[in-house]
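Here is the structure we will look at.
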Amino acid sequence: MDRLKQAPAESRLDRRQVVATLLRDRADLLVITGLGAPTYDCAAAGDHPNNFYLWGAMGGAAMLGLGLATAQPGRRVLVITGDGEMLMGLGALATIGARKPANLSIVVLDNERYAETGGQRTHTAHGVDLAAVAAGCGFASATTVRTKAQVDTLRDAVHTADGPLFAAVKVDPADLPRVLPPRDGVYLASRFRQALLGEAF
Ligand SMILES: Cc1ncc(C[n+]2csc(CCOP(=O)(O)OP(=O)(O)O)c2C)c(N)n1
Ligand SMILES: [Mg+2]
């Protein structure tokens, strides 16, 4: 028996398809990505100046999203990150629950692994329920997503629903080919600021 066996294979979504769906017709959505595979997934869906990729700062993606959503209440902000990254900054969910930014969504691509560093099992492989944590922190919506239909619903909620919204999307743990967006942090920050604030920032 495969000791790494987790949920039935048919219930594990393709992370690249999930992200492509979430970013379909993205309009002026602002996107923060957690380091590693979630960054590659967003790059695979198409590099965009409204993407800010975290190449490090593990544990900081949700908090960066909170800061951005607070500074830009008129824009919708989506954080796409991994379960390992989210678990490292779990306290962010409490702060977001307390602040309740209506324009912020946190989507965790939950493969129950630290894929980037060799596939070690994370706490979610041992029963930790991230959506339950977010619900307990006071998120307006907190769900575990397992089907394509739920991903479609999530895409619309990210664009229209009152948040803060949280979703743990159960994805296949396959290690996919890397798609690397720009890696220069100064360039990425300047590009993002210019796209958001215009030439005069
Ligand atoms: C502070 C810190 N600790 C550890 C690492 C090494 N590291 C980089 S990505 C990663 C795993 C990320 O796992 P997850 O967020 O679940 O993404 P996945 O690759 O599984 O999609 C780790 C441990 C790091 N970059 N920074
Ligand atoms: Mg993971």
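Would you please list the contacts, defined by Cβ atoms under 7 Å and residues six or more apart or on different chains, that run from a residue in the range 157-175 that is touching a residue at least 24 places away in the same chain (Cβ under 8 Å) to a residue that is among the basic types (Lys, Arg) and within 16 Å of ligand 1 (Cβ to nearest atom)? Close Cβ pairs (under 7 Å, with a partner that is among the basic types (Lys, Arg) and within 16 Å of ligand 1 (Cβ to nearest atom)) amount to LYS170/ARG12; VAL171/ARG12; VAL171/ARG15; ASP172/ARG12; ASP172/ARG15; PRO173/ARG113. When the residues of the range 94-123 are filtered to those that are within 15 Å of ligand 1 (Cβ to nearest atom) and open to solvent by less than 10 Å² (accessible area, probe 1.4 Å), which remaining residue is farthest from PRO173 (Cα to Cα)? So, considering only residues that are within 15 Å of ligand 1 (Cβ to nearest atom) and open to solvent by less than 10 Å² (accessible area, probe 1.4 Å), the one farthest from PRO173 (Cα to Cα) is ILE106. What residue, of VAL128, VAL107, VAL179, is under 17 Å from the mean Cα position of the chain (by Cα) and either part of a loop (DSSP other than H, G, I, E, B) or not hydrophobic (A, V, I, L, M, F, W, C) (or both)? Of VAL128, VAL107, VAL179, the one residue that is under 17 Å from the mean Cα position of the chain (by Cα) and either part of a loop (DSSP other than H, G, I, E, B) or not hydrophobic (A, V, I, L, M, F, W, C) (or both) is VAL179.
Once the range 176-201 is narrowed to residues that are open to solvent by less than 70 Å² (accessible area, probe 1.4 Å) and free of Cβ contacts under 8 Å to residues at least 12 places away in the same chain, the residue that is farthest from THR95 (Cα to Cα) is GLY198.
Inspect all residues belonging to the range 136-143 and state whether any of them is assigned to a loop (DSSP other than H, G, I, E, B), more than 9 Å from ligand 2 (Cβ to nearest atom) and open to solvent by 60 Å² or more (accessible area, probe 1.4 Å). For the range 136-143, residues assigned to a loop (DSSP other than H, G, I, E, B), more than 9 Å from ligand 2 (Cβ to nearest atom) and open to solvent by 60 Å² or more (accessible area, probe 1.4 Å): present. Inspect the range 30-44 for any residue being assigned to a loop (DSSP other than H, G, I, E, B), within 16 Å of ligand 2 (Cβ to nearest atom) and free of Cβ contacts under 8 Å to residues at least 60 places away in the same chain and give the result as yes or no. Yes, that holds for at least one residue. Residue count for the range 59-78, restricted to those that are over 20 Å from TYR187 (Cα atoms) and within 16 Å of ligand 2 (Cβ to nearest atom): 2.
The values are calculated or read from the model by the stated rules, or taken from the named source; none is laboratory data. Not measured: the values here are computed from a predicted model. Cβ coordinates were reconstructed from backbone atoms using ideal geometry, including for glycine residues, and neighbour counts include every protein chain displayed. What goes into the accessible areas is simple: the full protein's heavy atoms, side chains included, and nothing from ligands, DNA or RNA. Shrake-Rupley method; radii C 1.70, N 1.55, O 1.52, S 1.80 Å.
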